[in-house]
Amino acid sequence: MSNWKKTRDRMAATRPAVEAKSEMLRAIRGYFLDNGFTEVETPVLLEFPALELNIDAERTSSGYLRTSPELAMKKLLAAGYERVFEVGPCFRRGERGALHNPEYTMLEWYRAHAGYMDVLADTRTLICRISQDVLGSTRITHGKNEIELDGDWETMTVAEAFTRFAGWNPVVAFDQERFELDLVSKVEPALSKERPVVLMDYPADVAALARLKPDNKSVAERWELYVGGVELANAFGELTDPEEQRVRFDICSVERVSQGRESYSIDEEFMEALGEMPPAAGVALGVDRLLMLLTDSQSLDDVLPFR
Amino acid sequence: MYSAADLRKGLKVEIDENPYEITEFNFVKPGKGQSLYVCKLKNMLTGSTLARTFRANDKVEQPALEEKNVVYSYAEGSDSDFMDRNFEQISVPNEVLGRNRHFLVEEQEANILFYNDRAIEVRIPTFVEKVITETEPGARGNTATNVMKPAKIESGYELNVPLFVNQGDLVRIDTRTGEYVDRARKS
């Protein structure tokens, strides 16, 4: 079959999902505008992509495509914007699978003076509203599972989940290699698929851009939401200490270089802004993954017209 | 050498000096974690399966595989003999052919897969035609296809055929299942 015929068939097959996504975007904007947020558009083309150990940016002749709008949105917070959201494309090199596409739609929102559990409440209200607006119900069917999005959400610390499902506690003695392998092979498969599950308080070693908990520095204010076994959103109580941020970027940069991978220069404008940023919390949510859940799809193949 | 990013379903790799084919492939990446390539592999020599997760920096050996287009010549003891394009004779032990040894037809094309110069798999056409050499006489006029009776082809291979098939009839066989498909010609 010719490439165009394949694409045309894909477009026909994904049409219900494409229409559902259009409704989703309306629901997302409705929720945020009703709650005092401003929709922002930050640059897609960046001079300095966010330095993360395991996220590779796509390079262009004049910079990099963003892997997330995080640094730009934090600059807005530092400039006094208090509630901002952005929905748009992000790019991650080499990521392709049932739950990954190198180009995808990300929703991020940030609230100044809010904590990471406050934005968990936002997430719940938002997801329920999207489902209600798109499907007319907060009850979804995903594969064999019926999930009531407005029902019980299970919340578990990473320490609890690993102790229970993998037999060790990464908060006490962290092992990067074992953490990732066990997360994928033991912990994630054991999480309930019948109700939303929140894993929270990640070991400080995988804090990424989250601040450490003031009363327990061994864990970071970070949570991840799983619905139907699909990792849907990641949130931080944001790190606002430029010195600690620089240490983390430096460690990450050294590690990337030692793995033979490209490292990125630190965005010094961001570092200066961070010093003026109020305490805040933010969430990144994969819109295409939520679309999969709402359309009872097991792969992005079933919801993306271009793939 | 393959790097982990080259892995995909159907790719053939070498692990612990055995050739494997990737039968299932999933890219996974836990939040903020490294890329992982979760694979199921089938040993091409023994048929046993293996589950293996590769990390982004892992390297995987490329097996020394070569495929040759040949035609079938004849059976020779416990071997089947083929001729390649340079008219060189290649003997393949019947245990490598498995059930397919019954479905070889003279002058028919086949592909032999070699691993380190050793034949490990013979691919033959999906459908072949064989003469029924032995079966109970059919009930005349009974064209029902759902009632079957045992029959044999020349090699001694047994299969079930409908009642109307007679000795000497040419039948088509699906080599993937080893089962009767339809009658190609009446005797």
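The values are calculated or read from the model by the stated rules, or taken from the named source; none is laboratory data. Note that the structure is predicted; figures quoted are calculated from it, not measured. Cβ atoms come from the backbone with ideal geometry, glycine included; neighbour counts cover every protein chain shown. With ligands, DNA and RNA removed, areas are computed over all heavy atoms of the protein, side chains included. Shrake-Rupley method; radii C 1.70, N 1.55, O 1.52, S 1.80 Å.
Would the range A:1-95 count as rounded, prolate or oblate if I go by the C-alpha gyration tensor, calling it rounded below 1.5 in a/c and otherwise prolate when a/b exceeds b/c, oblate otherwise? If you can, show how the numbers build up before the last one.
On the way: a/c = 3.14, a/b = 1.25, b/c = 2.51.
Oblate shape, in that a/c is at least 1.5 and b/c is the bigger or equal ratio.
Could you report the buried accessible area between B and A, both sides summed, computed with a 1.4 Å probe and given in Å² to the nearest 100? All intermediate terms of the calculation are to be shown ahead of the outcome.
Details: alone 11330 and 14240 Å², together 24100 Å².
The B and A chains share an interface burying roughly 1500 Å².
Which shape class, rounded, prolate or oblate, goes with the range A:258-303 when its Cα gyration tensor gives a ≥ b ≥ c as root eigenvalues, a/c under 1.5 marks rounded, and past that a/b bigger than b/c marks prolate? Walk me through the numbers on the way to the answer.
On the way: a/c = 4.75, a/b = 1.69, b/c = 2.82.
Oblate is the answer for the range A:258-303, as a/c is 1.5 or above yet b/c matches or exceeds a/b.
Can you bin every Cα-Cα distance in the range B:127-185 into 5 Å intervals starting at zero and give me the percent of pairs per bin, rounded to whole numbers?
Answer for the range B:127-185: a P(r) of 4, 22, 35, 28, 9, 2, 0 percent.
Can you give the charge dipole size of chain B about its Cα centre, rounded to the nearest 20 debye, using +1 on the beta carbon of Lys and Arg and -1 on the beta carbon of Asp and Glu?
Numbers: 25 positive and 30 negative charges, 223 e Å.
Here chain B has a charge dipole of around 1080 debye.
Taking the solvent-accessible surface of protein heavy atoms with a 1.4 Å probe, what is the per residue accessible area of the protein assembly as shown in Å²? Please report the intermediate quantities before stating the final value.
Numbers: 24100 Å² over 494 residues.
On a per-residue basis, 49 Å².
Determine the shielding of peptide B:22-31 by partner chains: average, over its residues, the number of Cβ atoms on other chains within 10 angstrom of each Cβ. Don't jump to the answer; show the numbers that get you there.
On the way: counts 0, 0, 0, 1, 4, 7, 10, 11, 12, 17.
Mean shielding by partner chains, rounded to a whole number: 6.
Local charge sum around residue A:64 (other residues, Cβ-Cβ under 12 Å, Lys/Arg +1, Asp/Glu -1)?
Details: positive: A:59, A:66, A:92, A:93; negative: A:47, A:56, A:58, A:262, A:267.
Residues close to residue A:64 contribute a combined charge of -1.
Tally Lys and Arg at +1 and Asp and Glu at -1 over the other residues with C-beta under 10 Å from the C-beta of residue B:157: what net charge comes out?
Details: positive: B:99, B:101, B:130, B:152; negative: B:154, B:158.
Surrounding charge for residue B:157 is +2.
In whole percent, and with a 1.4 Å probe on the protein chains, what portion of the accessible area of the range B:1-70 is carbon and sulfur?
Numbers: 1460 of 3600 Å².
Within the range B:1-70, the accessible surface is 41 percent carbon and sulfur.
Probe radius 1.4 Å, ligands and nucleic acids ignored: give me the carbon and sulfur share of the accessible area of the range A:3-302 as a rounded percent.
The nonpolar share, carbon plus sulfur, comes to 49 percent.
From Cα pairs below 8 angstrom and at least 6 apart in sequence, can you work out the relative contact order of chain A, rounded to a whole percent?
Numbers: 570 pairs, mean separation 74.0, N = 307.
Once normalised by length, the contact order is 24 percent.
Which of the residues in the range A:175-199 show a loss of at least 30 Å² in accessible area from their chain by itself to the complete set of protein chains, at a probe of 1.4 Å?
A:177, A:180, A:181, A:184
Could you please report the charge total around residue B:127, scoring K, R as +1 and D, E as -1 over all other residues with beta-carbon less than 10 angstrom from its beta-carbon? The partial results should precede the final answer.
Details: positive: B:172, B:176; negative: B:129, B:174, B:182.
The answer is -1.
For the charge dipole of the protein assembly as shown, defined by +1 on Lys and Arg C-beta atoms and -1 on Asp and Glu C-beta atoms about the Cα centroid, which residue among A:216, A:153, A:119 has the Cα displaced farthest towards the positive pole?
A:153
With all protein chains present and a 1.4 Å probe, how do B:27, A:48 order by accessible area, largest first? Present the calculation step by step, with values, prior to reporting the outcome.
Details: B:27 15, A:48 60 Å².
So the residues, ranked largest to smallest area, are A:48, B:27.
On a straight-distance basis, which lysines could pair with residue A:213 in a cross-link, Cα separation under 23 angstrom, same-chain partners fewer than 8 positions away excluded?
Result set, ordered by chain and number: A:74, A:75, B:32.
Run the 1.4 Å probe and let me know the accessible area of residue B:117, rounded to the nearest 10 Å².
Approximately 130 Å² of residue B:117 is accessible to the 1.4 Å probe.
Give, rounded to the nearest 20 debye, the magnitude of the charge dipole that the range B:65-123 has about its Cα centre when Lys and Arg contribute +1 at Cβ and Asp and Glu contribute -1 at Cβ. All intermediate terms of the calculation are to be shown ahead of the outcome.
Numbers: 6 positive and 13 negative charges, 41 e Å.
In total the dipole reaches around 200 debye.
Please name which of A:176, A:200, A:242 has its Cα lying farthest along the dipole of the range A:167-268 towards the positive end, using unit charges on Cβ (Lys, Arg +1; Asp, Glu -1) and the Cα centre as origin.
Farthest along the dipole direction, towards plus: A:200.
Let me know the mean shielding of A:99-108 by other chains, meaning the per-residue number of their Cβ atoms within 10 Å of its Cβ.
Values: counts 4, 4, 0, 0, 0, 0, 0, 0, 0, 0.
That average works out to 1.
Report the antiparallel proportion of the DSSP beta bridges in the protein assembly as shown as a percent, rounded to a multiple of 5. Mind showing how you got there, number by number?
Details: 108 of 114 bridges.
That works out to approximately 95 percent antiparallel.
With the contact rule set at Cα under 8 Å and sequence spacing of 6 or more, what percent relative contact order holds for chain B? Walk me through the intermediate numbers first.
Numbers: 406 pairs, mean separation 24.8, N = 187.
Over chain B, the number comes to 13 percent.
Protein chains only, probe 1.4 Å: how do A:292, B:148, B:1 rank by accessible area, largest first?
Values: A:292 0, B:148 85, B:1 130 Å².
Result, largest first: B:1, B:148, A:292.
For chain A, just say rounded, prolate or oblate: build the C-alpha gyration tensor, square-root its eigenvalues into a ≥ b ≥ c, call rounded for a/c under 1.5, and beyond that prolate if a/b exceeds b/c, oblate if not. Please list the in-between numbers first.
On the way: a/c = 1.34, a/b = 1.20, b/c = 1.11.
Verdict is rounded for chain A.
How far is the Cα center of the range B:167-184 from the Cα center of the range B:1-19, in Å?
37 Å
Scan around residue B:44 for amide H atoms under 5 Å from its own, H built in the peptide plane at 1.01 Å from N, and keep only partners 5 or more places away or cross-chain.
Amide H neighbours of residue B:44, under 5 Å, 5+ apart: B:20, B:21.
Only Cα pairs under 8 Å and at least 6 apart count here; give the relative contact order of the range B:65-123 as a rounded whole percent.
On the way: 108 pairs, mean separation 22.9, N = 59.
Reported as a whole number, the value is 39 percent.
If you place +1 on the Cβ of every Lys and Arg and -1 on the Cβ of every Asp and Glu, how big does the dipole about the Cα centre of the protein assembly as shown come out, in debye to the nearest 20?
On the way: 61 positive and 83 negative charges, 291 e Å.
The dipole magnitude comes to about 1400 debye.
How shielded is B:32-40 by partner chains, expressed as the average number of their Cβ atoms within 10 Å of its Cβ atoms?
6
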